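The structure under discussion appears below in the form of structure tokens.
The values are calculated or read from the model by the stated rules, or taken from the named source; none is laboratory data. Because the structure is predicted, anything quoted here is derived from the model rather than measured. Here the Cβ positions follow ideal geometry from the backbone for every residue, glycine too, while neighbour counts run over all protein chains shown. Heavy atoms of the whole protein, side chains included, go into the accessibility calculation; ligands, DNA and RNA do not. Shrake-Rupley method; radii C 1.70, N 1.55, O 1.52, S 1.80 Å.
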Amino acid sequence: MRNNPDQLAHLAVLMEEAIQIAWDYLERAGEIEDAEFCSHTLLHSVETMIRQGVRSRLLLSNRAIAQYMEALEARTLQAAS
């Protein structure tokens with residue numbers, strides 16, 4: 001089944017809102033060290049979950065935050081070794 005233009009627009013808005021929620025939280029928490037790395041990680045995370053059928057804005061943003069924190073920790077550990 002193909003997505004119609006209205007569905008695609010809805011998914012684009014959902015993606016944008018979930019990423020913005022995650023970004024705002026991370027920014028307030030002082031967790032954004034590299035904006036490009038953060039934006040790439042959040043985008044990839046949210047896009048993957050939307051493709052898997054997740055449609056809850058808060059679930060998308062919370063999981064994206066968790067995945068970003070894990071990626072940031074792994075990146076920090078890799079840089080230290």
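Brief remarks follow.
- For region 19-29, the count of residues that are open to solvent by 80 Å² or more (accessible area, probe 1.4 Å), at pLDDT 95 or above and among the aliphatic types (A, V, I, L, M) is zero.
- Lone unmet requirement of (1) of a type in the set (K, R); (2) out of contact with any Ser or Thr (no Cβ under 7 Å at 6 or more places or on another chain); (3) in a helix (DSSP H, G or I) for R63: (2)
- Total residues in region 10-57 satisfying the condition of being of a type in the set (K, R), out of contact with any Asp or Glu (no Cβ under 9 Å at 6 or more places or on another chain) and either outside any helix (DSSP H, G or I) or over 15 Å from M69 (Cβ atoms) (or both): the figure is 2.
- On the stretch given as region 44-60, residues that are under 12 Å from E17 (Cα atoms), surrounded by 15 or more Cβ atoms within 10 Å (Cβ to Cβ) and of a type in the set (A, V, I, L, M, F, W, C) total 2.
- Any hit, region 61-77, residues being surrounded by fewer than 18 Cβ atoms within 10 Å (Cβ to Cβ) and closer than 24 Å to Q7 by Cα: yes
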